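Shown next, in structure tokens, is the structure this report addresses.
No value in this document is a laboratory result; all are computed from the given coordinates. What you are looking at is a predicted structure, and each value in this text was computed from that prediction instead of being measured. Virtual Cβ from ideal backbone geometry, glycine too; neighbours counted across all protein chains shown.
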């Protein structure tokens, strides 16, 4: 029973449904099963590993120079981006050509950056989250949230791109309204 | 094998008849105001559909009259004294945004009434969840006074339901204009299921899911009372008939529809039990849209596979028959 | 000449980065609920994007793509610092309300990806004009969104009360932003379709006149 409440809480804190982070990326992810798995997987890696690095930055960064936070987060994501490309090239060279575009799209993405800042904000309000485990869990949950939102959009993808949808609204406009109505239902449960 | 689908206009007719009887009951309790509100909603829905079909370069047919039933469903979910401006905006949202933006009745994604109800809930929850007591008649343009919370709200928060079974059956308790006449709703459900105008699987699944959890994890000390009141409050019966079991949205195959309704019933019951969320079933039915779409997609794939299989079988049978004929000639 | 003009000025109407390219939509959806927030975002986006792209145009083209993208992101993260410090002087309340979307503007896809895909393939002057038109396109969308959402959600224009009959509280929420932007995209496409049909009819008429 409380699993249902946890699921509702997860939906309510969803990156996309309540914060509109990574909306453009999710349109790519919903296009096909391959896109969904690859994009969602890469974003989850970025948010999980990135949040661990963000914890170390937040531990060291003084409040007086908090404006440098974006710079350090960008450096971390940059290193992760390069490292992931190298790792895929070395250990999965068969799939490198296919996977690299998903890595390019997912790296400097609102979903990833937004997750790091959201976790930081949450940690500053709730001290119990301010530990490595808390950060990594939150980063992983953000990735799962992205996957859930992508699945929600994938379910309706064909209908939203159908020729029966008026041409002006076919595709992205209909997807935005669809996500808006789902987001509205999630909001009403709060 | 798929049952032959009835024409939309005939389904619309059945649903309208049941809705009109609910509206009649609403008139009995709340007077001409509720009828006027319903009239405004229906006219707005009709005009919105007409205009949007013109923009989509489609002609208006009898099947498009479903806009009026959607508008009437929405009107019956409102308090009888709902603000007219809000009602008009809600109907416009239902028809233009939740329905025709996605392609209209040819490409349904959301239940228009459910989506519009949630829209009103998030924007004007104060006006939506305040009702007049039954037999309190408000003038057409009079500001309503002595508004009360619904009996569902009281039950969700306190576990008490101070109305006799007779009052429950006749809908003599505060709540949405059309969602409280329990006896009429039960009759409507039976008639609509028999005439295949709603998804029997989805309806039975919803009732079973709600009922099962109401008995297993009761809201009040008596399991029988928990079962009874869980089904008559929070628009469960009304939504089970007109929203969850909407043939345009629910899965076509009864066993998929049953599970679809079952999960909606269970989750909405849990939300009422743990969070005292009034009318949770409507919200959950909107959230379950991707699942309904997933089921429909699965059904399409099954139908395509069955068709291909039967074509292959027919081809093989033809070849075998030709072979046998050739052999018999020899 | 016409194609060149289109490429340079398309960012305002023909190829709007928000309504057509679906870039930088998170701040529009979440923070575009008042005119004050919209103006604060316009200032931040315009300053950060213009300066970042201009500075990034001096990054050597021969570097690998990945390295260039990282450098562009670092440049915009550095440009963000003085822009934010200046904004704290002019829009201190808005920065608090906008929250995490302020730094997110610095890593928007216009800076990180469109620079390589579009701007750096043009001549310097054309690039600057095209960049300005893209920025103006975002600004216009932001202003319209902020104005309309504030008017119908709160009944105010720039925090001044206006007599609006019925307010739609949901417009101020994220879901309201999603739905509003979706409708705006649809209307934009419809108008663009009408305009391009008109132009086609006119050009066909020109041909037939000959």
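Answer rounded, prolate or oblate for chain B, using the Cα gyration tensor with square roots of eigenvalues a ≥ b ≥ c: rounded when a/c is under 1.5, else prolate when a/b is larger than b/c, else oblate. Cα axes put chain B in the prolate bin. Mean projected area of the convex hull spanned by the Cα atoms of the stretch C:68-182, taken over all viewing directions: 9.0 nm².
In plain terms, the residue of B:18, A:128 with the fewest other Cβ atoms within 10 Å comes first and the most crowded comes last, giving A:128, B:18.
For a test of the definition: using alpha carbon positions, the gyration tensor, and the 1.5 limit on a/c, classify the stretch A:37-97 as rounded, prolate or oblate. If you can, show how the numbers build up before the last one.
Working: a/c = 3.35, a/b = 2.53, b/c = 1.32.
Here the stretch A:37-97 falls in the prolate category.
If R0 is taken as 35 Å, the Cβ-Cβ distance between residue A:93 and residue A:61 corresponds to a FRET efficiency of 0.40.
Calculated [222 nm] ellipticity per residue, helices only, for chain A: -26000 deg cm²/dmol; basis is -39500 (n - 2.57) per DSSP H run with n ≥ 4, divided by all residues, nearest 500.
Fewest-first ordering of C:80, C:65 by other beta carbons within 10 Å of each residue's beta carbon gives C:65, C:80.
Take peptides B:299-309, B:247-257 and line them up by average Cβ neighbours within 10 Å, highest first, as a rough protection proxy. Intermediate values should be presented prior to the final figure.
Working: B:299-309: 11.5, B:247-257: 20.7.
With the highest mean Cβ count within 10 Å placed first, the list reads B:247-257, B:299-309.
Here the Gaussian network model covers chain B, with springs between Cα atoms less than 10 Å apart; of B:240, B:80, B:317, B:317 fluctuates the most. Among rounded, prolate and oblate, which fits the stretch A:62-190 when a ≥ b ≥ c are the square roots of the eigenvalues of its C-alpha gyration tensor, a/c under 1.5 means rounded, and a/b larger than b/c means prolate? Judged from the Cα gyration tensor, the stretch A:62-190 comes out oblate (a/c at least 1.5, b/c at or above a/b).
For chain B, take the longest principal axis of its alpha carbons; what is the angle in degrees between that and the long axis of helix B:66-77, to the nearest 10 within 0 to 90? So the helix axis and the longest Cα principal axis differ by about 40 degrees.
Dividing the summed -39500 (n - 2.57) terms of all DSSP H runs of n ≥ 4 by the residue count of chain B sets its mean residue ellipticity at 222 nm at -21000 deg cm²/dmol. Computed over all pairs of different Cα atoms, the Kirkwood value for the hydrodynamic radius of the stretch A:1-66 is 14.3 Å. Convex hull volume per residue, computed on the Cα atoms of the stretch B:1-118, equals 108 Å³.
Between C:146, C:177, C:193, the GNM of chain C built on Cα springs shorter than 10 angstrom shows C:193 fluctuating the most.
For chain C, what is the mean residue ellipticity at 222 nm derived from helices alone (per DSSP H run of n ≥ 4: -39500 (n - 2.57); sum divided by total residues; nearest 500 deg cm²/dmol)? The partial results should precede the final answer.
Working: 8 runs with 141 residues, N = 210.
Value at 222 nm, helices only: -22500 deg cm²/dmol.
Taking chain B as a Gaussian network of alpha-carbon nodes connected by springs under 10 Å, the highest mean-square fluctuation of the residues B:77, B:108, B:194 belongs to B:194. Using only Cα atoms, find the angle between the long axis of helix B:254-275 and the longest principal axis of chain B, and express it within 0 to 90 degrees, rounded to the nearest 10. Computed tilt is about 30 degrees. From the Kirkwood radius over Cα pairs of the protein assembly as shown, Stokes-Einstein at 25 °C and 0.890 mPa s returns a whole-number translational diffusion coefficient of 88 µm²/s.
Could you order peptides C:13-23, A:137-147, B:210-220 by the average number of other Cβ atoms within 10 Å of their residues, highest first? Before the final figure, lay out the partial values.
On the way: C:13-23: 20.4, A:137-147: 22.5, B:210-220: 18.7.
In descending order of packing, they fall as A:137-147, C:13-23, B:210-220.
Peptide A:67-75 is shielded by partner chain Cβ atoms: per residue, an average of 6 of them sit within 10 Å of its Cβ.
Summary value for chain B: 16 percent relative contact order, contacts being C-alpha pairs under 8 angstrom separated by 6+ residues. Cα centroids of the stretch A:142-190 and the stretch B:208-237: how far apart, whole angstrom? The stretch A:142-190 and the stretch B:208-237 have Cα centres separated by 33 Å.
Mean per-residue shielding of peptide C:141-154 is 0, counting Cβ atoms of other chains within 10 Å of each Cβ.
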